[in-house]
1. Within the range 63-90, count every residue that is among the aliphatic types (A, V, I, L, M) and without any contact (Cβ under 8 Å) to a residue 12 or more places away in the chain.
2. Could you check how many residues of the range 94-123 are at pLDDT below 95 and open to solvent by 60 Å² or more (accessible area, probe 1.4 Å)?
3. Just to be sure, is HIS84 open to solvent by 30 Å² or more (accessible area, probe 1.4 Å), within 26 Å of GLY131 (Cα to Cα) and of a type outside the set (A, V, I, L, M)?
4. Name the single residue that is surrounded by the most Cβ atoms within 10 Å (Cβ to Cβ) among those in the range 63-81 being hydroxyl-bearing (Ser, Thr, Tyr) and either more than 15 Å from ARG129 (Cα to Cα) or touching a Phe, Trp or Tyr at 6+ places or on another chain (Cβ under 7 Å) (or both).
5. Strands (runs of 3 or more DSSP E) wholly in the range 1-62 with at least 2 residues that are open to solvent by 60 Å² or more (accessible area, probe 1.4 Å) and in contact (Cβ under 8 Å) with a residue 40 or more places away in the chain - which ones?
6. So, in the range 40-98, exactly how many residues are of a type outside the set (A, V, I, L, M) and more than 20 Å from THR115 (Cβ to Cβ)?
Amino acid sequence: EKIGCGGMGAVFLALDSEKGQRVALKTLPEQFLDNKYAVSRFIREINTLRMLDHPGIVKLRDAQMANNTLFYVMEYVEGKSLRHLLQVRKRFEFPTTVRLLCLVADALSHAHKITIHRDLSPENIMVLRDGSIRLLDFGLAKLADKFKDLTATGINLGKLQYMAPEQKR
């Protein structure tokens, strides 16, 4: 079942038949397989998730190329995006806002040891039933690795309304 999509991929709800658990499967569309930058970005996202181990960041389980499809498997996060909750509730009480911001800041603090997310928005923050959060979508993350040229100076990536002011130049 398709549960999300963006400019560079689609996310499906799937079943890990070995473990009997639901998982999320993110694919790189076939039309991008000949685009070395798209493939490199997708691999960078996989490598970034592989290095991040924090309760507030979605967990990578596997990555493969099968039947001409590049994909990775991550934990399925059962919850609602922060965007959805804001649309439904219109606003949060002050203690809830502080708690959510602290959880996001803690996850980002961990991530920033190796990367900068660069696409942090309410769509990429999932709030689970127990009130915990998961950061999603590290596809635009910036790393100091062999793919560092994918994020050259002067190139704006991500959602304009959520960019740091210095990135908008």
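1. Total meeting the criteria: 3.
2. Residues flagged as at pLDDT below 95 and open to solvent by 60 Å² or more (accessible area, probe 1.4 Å) within the range 94-123 amount to 6.
3. Answer is yes for this residue.
4. Filtering the range 63-81 for residues that are hydroxyl-bearing (Ser, Thr, Tyr) and either more than 15 Å from ARG129 (Cα to Cα) or touching a Phe, Trp or Tyr at 6+ places or on another chain (Cβ under 7 Å) (or both), the one surrounded by the most Cβ atoms within 10 Å (Cβ to Cβ) comes out as TYR72.
5. Result: 21-28.
6. 23
Residue-by-condition table, conditions (1) touching a helix residue (DSSP H, G or I) at 6+ places or on another chain (Cβ under 7 Å); (2) assigned to a helix (DSSP H, G or I):
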position	(1), (2)
VAL73	no, no
VAL77	no, no
LYS80	no, no
LEU86	yes, yes
ARG91	no, no
THR97	no, yes
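The values are calculated or read from the model by the stated rules, or taken from the named source; none is laboratory data. Values in this document were obtained by computation on a predicted structure and should not be read as measured data. We place every Cβ from the backbone using ideal geometry, glycine too, and count neighbours over all the protein chains shown. Side chains are part of the model used for accessible areas, which takes the heavy atoms of the whole protein and leaves out ligands, DNA and RNA. Shrake-Rupley method; radii C 1.70, N 1.55, O 1.52, S 1.80 Å.
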